[in-house]
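The values are calculated or read from the model by the stated rules, or taken from the named source; none is laboratory data. The shown structure was predicted, so the numbers you read here are calculated from the model rather than taken from an experiment. As a convention, Cβ positions derive from the backbone with ideal geometry for all residues, glycine included, and neighbour counts pool all protein chains shown. To get the accessible areas, we keep the full protein, side chains included, count just its heavy atoms, and leave off ligands, DNA and RNA. Shrake-Rupley method; radii C 1.70, N 1.55, O 1.52, S 1.80 Å.
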Amino acid sequence: MTPGALEISGGETFLFWVIAPLMVLAALGLLFVKRAVHAAMCLVFVMVSMAILYIAQEAPFLGVVQVVVYTGAVMMLFLFVLMLVGVDASDSLTETIRGQRWIGLLIGIGLAAVLGGVVGRAAFPPAVGLSGGDPDGVANPQALARVLFGDYVLAMEAVGVLLVTAAVGALVLTHRRRLAPKQTQASVADARIKALPDGVVLTPLPSPGVYARSNAMDTPALGPDGEQVPQSVSRVLRIRGQERPAPHGAVVVSTGSTREGTGSARDEEGDA
Amino acid sequence: MNPVILAAAAPGVAADFSQETIWASIVKAVLIVVFLLTSVLFAIWFERKVVARMQVRPGPNWHGPFGLLQSLADAMKLLLKEDMTVTRADRFVYLLAPMISVFCSLLVFAVIPFGPSLPFPWTDWTTPAQLTDFPVAVLYVLAAASLGVYGIVLGGWASGSTYPLLGSVRSTAQVISYELAMGLSLVSVFIMAGSMSTSQIVSSQTQIWWFIPLAPAFVIYVISMIGETNRLPFDLPEAEGELVSGYMTEYSSMKFAWFFLAEYINMLNVSAVAVTLFLGGWRAPVPDGFLGGALNEGWLPILWFLVKLWAVMFVFVWVRGTLLRLRYDQFMVFGWKVLIPVALGWVVVLSVVQWLQRVQGVTYQQFIPVIIGAAVVFIAVMWFWPEKKEAPPGAGQEKEPVDAFAGGFPVPPLPGEKLPPSKRFGKEVHGE
């Protein structure tokens, strides 16, 4: 391997011609797919493929950091927001700024002209490889650390301070003063105990009825006294009026001799 | 990719890949996949059996010797089950998500050294017992882990259902938070070993395994590795009582099996990283130079590696059999307010110590008075630290007059409450 003329191996050429067209497809997909999450996936694909190409071009550190930082952290936060906000739900096409499309078009054409000019004027000298083009070995982590924390330590620290300031700023902007004392597990339990006389139940509510003939969410359970327990049916169903009475002939547990015979009467009452 | 260039241009990599042919790499890759799949089958059996023993019951003991074939039967059952797709699912992403999970989990073992160079009998051909290694191999492990999260996130989103979405959101937050602590704990190993290549890190542990001098980092790593793999007590993304089974709720049959596979391979991955970085990798648990180093040569190191790997896996199972699941907010507070600050502080302390040793030339003997002094100061501060006074219950609240006849019945006063003086009796009555 002489500096000045690097022979690119067959494997690398093969890798490039497999990955590059897929990357272009994914980049186009980013522009044209309908759903925001699919666009994000296209971007992730482009990033990972680019990392593979970096590694193939003898820059493993750059490739791996690209995946860890951009794909693993930044893109993940994007996806998080997309999933939670649900951008797919309604894409508004109204223009909030007048002439937005024309300004956008103009800027787009300008960017395309600049990019086209740069790519058109780029010279492609013969490949020299990393050992030829980078005698200090800046691509390996030790040399990179020496450059970043030696020659450019001031700029590094300045950027670090800037980022920390931004993070603290975000915290301050989203901070709300606590008006009421913080609710803890203990305080919630105390409050429930105190509300006991008002009809609050400490235990979980009974689950909806399970009968031989009906095993449904909308049928109330029967209490030990044979009464139907309306709280056992979901509040939503009750408000909608979709609650059904317990099926006719449900087994009614009678709790004492004084109540004997009244259970089935109550049940029929409930059915009516 | 050109493996020859990578090997030649890789300073700080101990393993020698210059003789490696493409066929050797392919054979190793296939062996790694076979190893992982069989290990997963074994791991499921191992986990069920050990948890069963801890709960004083026999565990699977019906299929095969010691019930070893139980997980094979389970796998067959999963494959033959009906494959359902939810109507509201985003079909492509729904199918893609488990594939991403499994694919990313298979990547990690490529850089794990099973042993030093292996001699092949009757030939003079040797090859390192790992697929590949490069100067940033451990970062590559982190990258593969962070890509694997996409499987969970997309799986939960693509199911088009509430519980999976909540599970995947939890899981993302969890894995990102705990990856920070994990990365910081690995930094101390990088500082001590002076390299991020796995083979170099193993060969830097000739004198002492890093888990002894770097004990705080090791503890942080073990905690965050359990958080990273969503295992009990940190299995909030699939908390049965709250989220059915989290991001896997809408998955069935083969697709569910892929998620399941990925989870167990991830356990093996983080255990292998723990062994390689902190527990001496493939090195025999004997002092350096024992029997002239015969235990660290040839094929024997693979045995040490596997023994250590399964020891760490045992810790996983042990923790699962012992601890209860954390509440979600406690878990996040623990990650961000305890683990990450401690990990950062430890890295700073370690860097200062290393700087004093390497740049200032301070020896270990000079460190001893400093350490003793720091300990004395710490103990003194803790000793004289004013004890936090426990506020009496109900101290902050407005005292309301107690209604001695709430609801028409006479009620005894609660602790801390005071009844109004009785008009007839003329004395005060206190609650105990």
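A few comments on the model shown:
- Paired Rg and Dmax values of segment B:222-331, which use every Cα atom, in angstrom: 17.7, 57
- Between B:LEU300 and B:GLU242, the simple spin-label model (points 7 angstrom out along Cα→Cβ) gives 4.9 nm.
- Cα centroid separation, segment B:199-257 to segment B:36-85 (Å): 20 Å
- Of the solvent-accessible surface of chain B, computed with a 1.4 Å probe over protein heavy atoms with every protein chain present, carbon and sulfur atoms account for 70 percent.
- Proximal charge balance of A:LEU237 [Cβ under 12 Å; K/R count +1, D/E count -1]: +2
- When peptides B:66-72, B:138-144, B:242-248 are sorted by average Cβ neighbour count within 10 Å, with the highest value leading, the order is B:138-144, B:242-248, B:66-72.
- Ranking by accessible area, most exposed first, for A:HIS38, A:HIS175, B:HIS63 with a 1.4 Å probe: A:HIS175, B:HIS63, A:HIS38
- Taking chain B as the region of interest, the number of lysine pairs whose Cα atoms are within less than 24 Å, with members eight or more places apart or on different chains, is 14.
- Between B:ALA380 and B:LYS418, residue separation times 0.36 nm minus the direct Cα-Cα distance comes to 9.5 nm.
- Taking every alpha-carbon pair within segment B:9-105, the share separated by more than 23 Å comes to 55 percent.
- Separation of the A:VAL236 and B:LEU37 label points, Cα + 7 Å toward Cβ, nm: 4.3 nm
- Counting only DSSP H runs of at least 4 residues, each contributing -39500 (n - 2.57), and dividing by the residue count of chain B, the helix-based mean residue ellipticity at 222 nm comes to -18500 deg cm²/dmol.
- Selected from B:MET382, B:VAL175, B:SER25, residue furthest toward positive end of dipole (segment B:17-384; charges at beta carbon): B:MET382
- Using the Karplus relation 6.51 cos²θ - 1.76 cosθ + 1.60 with θ = phi - 60°, the per-residue 3J(HN,Hα) values for segment B:119-131 come to x, 9, x, 6, 9, 9, 8, 10, 8, x, 7, 8, 5 Hz, with x marking Gly and Pro.
- Entry note, chain B: relative contact order of 17 percent, from Cα contacts under 8 Å with a spacing of 6+ residues.
- Phi to ³J(HN,Hα) by Karplus 6.51 cos²θ - 1.76 cosθ + 1.60 over segment A:186-193, Hz, x for Gly, Pro: 5, 5, 4, 4, 4, 4, 5, 4
- Projecting label points 7 angstrom from Cα along Cα→Cβ for B:GLN365 and A:ALA195 puts them 7.0 nm apart.
- Residues A:GLU157, B:GLU387, B:GLU238 ordered from highest to lowest accessible area at a 1.4 Å probe: B:GLU387, A:GLU157, B:GLU238.
- Rounded, prolate or oblate (a/c below 1.5 giving rounded, otherwise prolate when a/b exceeds b/c) for segment B:17-384 by Cα gyration tensor: oblate
- Residues with amide H under 5 Å from that of B:THR127, placed H, sequence gap 5 or more: B:LEU118
- When the square roots of the Cα gyration tensor eigenvalues are ordered a ≥ b ≥ c, the ratio a/c for segment A:29-89 is 1.5 or more and a/b does not exceed b/c, which makes its shape oblate.
- Coupling constants for segment B:203-213 follow from the phi torsions by the Karplus curve (6.51 cos²θ - 1.76 cosθ + 1.60, θ = phi - 60°), and in residue order they are 6, 7, 9, 5, 6, 8, 6, 5, 5, 7, x Hz; glycine and proline get x.
- Check: segment B:17-384 dipole with +1 on Lys, Arg Cβ and -1 on Asp, Glu Cβ, in debye: 540 debye
- FRET efficiency, B:ASP124 to B:GLN207 (Cβ-Cβ, R0 30 Å, nearest 0.05): 0.45
- Relative to the dominant Cα principal axis of chain B, helix B:22-54 is inclined by about 30°.
- Along its principal axes, the protein assembly as shown has C-alpha extents of 105, 71, 68 angstrom, given from the largest down.
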